[in-house]
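**Student:** Got a structure for you, questions after.
A short reminder: the numbers here are calculations on the coordinates, not readings from a lab. Owing to the predicted nature of the structure, the values given are computational and were not obtained by experimental measurement. Neighbour counts are summed over all protein chains in view; Cβ atoms, including those assigned to glycine, are modelled from backbone coordinates with ideal geometry.
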Ligand SMILES: [Zn+2]
């Protein structure tokens, strides 16, 4: 596979990188000049043909007070050079990100060093040319670093049954223990229960209905919850007409949890990183559960009461992109980014066995939950690899 990453990131400048990491403006690696960015770009939101891109552009600034000098529209939104940078980054790069089994990468990127070679056509191509003129960039199809697509040593080993135990051993050795104390409450949601009269109904499911899940398997029951109630609602895949109940659970005794929400420092090589491997695994579908079930059994055998792990919905709940990079490296590997990454990591708890029946947890309260309002924050992206042309 082609690797254009070194080109796409431009000349490496350590001082500039340190400054940018401080403020983290993720589109900056794609641009070199910052001096003129508060200037008016001379274009407006109505200069674009694609409706999705116009909707994104209208999120900036206010409407023009006089007609746009470029398209003459009276109702467009003014765009500074900086607005155009953010807009191009959001629409073309974040908007073309595709997820693969383990990982994600954009299909299209741009930079100031290459001429446009991508096959962006139709209105998307016309709009890209507006950015080429204003920002001096070229668009091209991205050849992602292989680690972005999950081609890393720990992940490859974890996917092979015979090589899995050694990496799981490394994980158990490398990750810290979190001790959950009485008072560290968390929530567990149930939808449409046939009856709800006893606290035990919020314990792990009974043996006869346990199927193979992320951590549970025949003979190993698991109770899931989260200190974040909204994450519980997402995790339970609740629908608007469900009857939803939530239990507030409180540890009766200290509980020893393997903390897989921990973000290691100085984790500089993504190809050898356990952190990247786990990050991808907890955002993967049920094809990854064979790995996490082995991990659960190993943690149980190592004396843990359960596992603290990042929710599948972490990015969505935090409003963060699926995956962020800086100069072709995961933002997770920059020590300055730790607090940002932590804020994007929503913890879930899994406890082995039947912790309510075993009196490790007490049910403090059971409540009905009503979904009062759903609010979405959306980002539009281009339609790519598509032959149809949208006529005006
Ligand atoms: Zn205009």
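**Student:** Taking Cα atoms, how many degrees apart are the long axis of helix 122-135 and the longest axis of the chain, rounded to 10 and kept between 0 and 90?
**Tutor:** 70 degrees
**Student:** Right, something else. Below 8 Å, C-alpha to C-alpha, sequence gap of six or more: please give me the relative contact order for the chain in percent. Don't jump to the answer; show the numbers that get you there.
**Tutor:** Details: 674 pairs, mean separation 77.2, N = 392.
Relative contact order, the chain: 20 percent.
**Student:** Moving on. For the chain, how big is Rg over Rh, using alpha carbon atoms and the Kirkwood form of Rh? Show your work: numbers first, answer last.
**Tutor:** Values: Rg = 24.1 Å, Rh = 23.5 Å.
For the chain, the value is 1.03.
**Student:** For the range 150-166 and the range 235-249, what is the separation of their C-alpha centers, rounded to whole Å?
**Tutor:** Cα centroid of the range 150-166 versus Cα centroid of the range 235-249: 35 Å apart.
**Student:** Further question on the same structure: Per-residue ellipticity at 222 nm for the chain, helices alone: DSSP H runs ≥ 4 residues times -39500 (n - 2.57), over residue total, nearest 500 deg cm²/dmol? Please report the intermediate quantities before stating the final value.
**Tutor:** Numbers: 12 runs with 99 residues, N = 392.
About -7000 deg cm²/dmol.
**Student:** Once you put a point 7 Å from the Cα of residue 70 and another 7 Å from the Cα of residue 374, both along the Cβ direction, what distance in nm separates them?
**Tutor:** About 3.6 nm, to one decimal.
**Student:** Round to a whole angstrom and tell me the spacing of the C-alpha centers of the range 90-148 and the range 298-372.
**Tutor:** Distance between centres, Cα-based: 32 Å.
**Student:** With a 10 Å Cβ neighbour count serving as the proxy for reagent exposure, in which order, fewest first, do 376, 142 appear?
**Tutor:** The most exposed by this proxy come first: 376, 142.
**Student:** Cα axis of helix 289-301 to longest principal axis of the chain: angle in degrees, 0 to 90, nearest 10?
**Tutor:** The angle comes out at about 40 degrees.
**Student:** Sticking with this structure for a sec: For the pair residue 121 and residue 364, how long in nm is the line joining their label points, each one 7 Å along Cα→Cβ?
**Tutor:** Inter-label distance under the simple model: 6.0 nm.
**Student:** Quick check: from the Cα gyration tensor, does the range 119-236 come out rounded (a/c under 1.5), prolate or oblate? Display every interim value, and only then the final one.
**Tutor:** On the way: a/c = 2.68, a/b = 1.75, b/c = 1.53.
Since a/c reaches 1.5 and a/b is larger than b/c, the shape of the range 119-236 is classed as prolate.
**Student:** If each residue's Cβ is checked for other Cβ atoms within 10 Å, how do 146, 255, 308, 64 rank with the fewest at the top?
**Tutor:** Values: 146 15, 255 21, 308 24, 64 18.
Ranking 146, 255, 308, 64 by Cβ neighbours within 10 Å, fewest first, gives 146, 64, 255, 308.
**Student:** Moving on. Apply 1/(1 + (r/R0)^6) to the Cβ-Cβ distance of residue 211 and residue 237, taking R0 = 22 Å, and write down the FRET efficiency to the nearest 0.05. Present the calculation step by step, with values, prior to reporting the outcome.
**Tutor:** On the way: r = 15 Å, r/R0 = 0.70.
So the FRET efficiency works out to roughly 0.90.
**Student:** Counting other beta carbons within 10 Å of each Cβ, put 262, 208, 169 in order, fewest first. Don't skip to the answer; put the middle values down first.
**Tutor:** Details: 262 18, 208 5, 169 12.
So the ranking, lowest neighbour count to highest, is 208, 169, 262.
**Student:** Here's something else I'd like to know. For the chain, find the longest principal axis of its Cα atoms and tell me its angle to the long axis of helix 14-23, 0 to 90°, nearest 10.
**Tutor:** Value to nearest ten degrees: 70.
**Student:** If each residue of separation counts as 0.36 nm, what is the full-extension length gain between residue 51 and residue 197 once their alpha-carbon separation is subtracted?
**Tutor:** Values: separation 146, 0.36 × 146 = 52.56 nm, distance 5.21 nm.
Here the answer is 47.3 nm.
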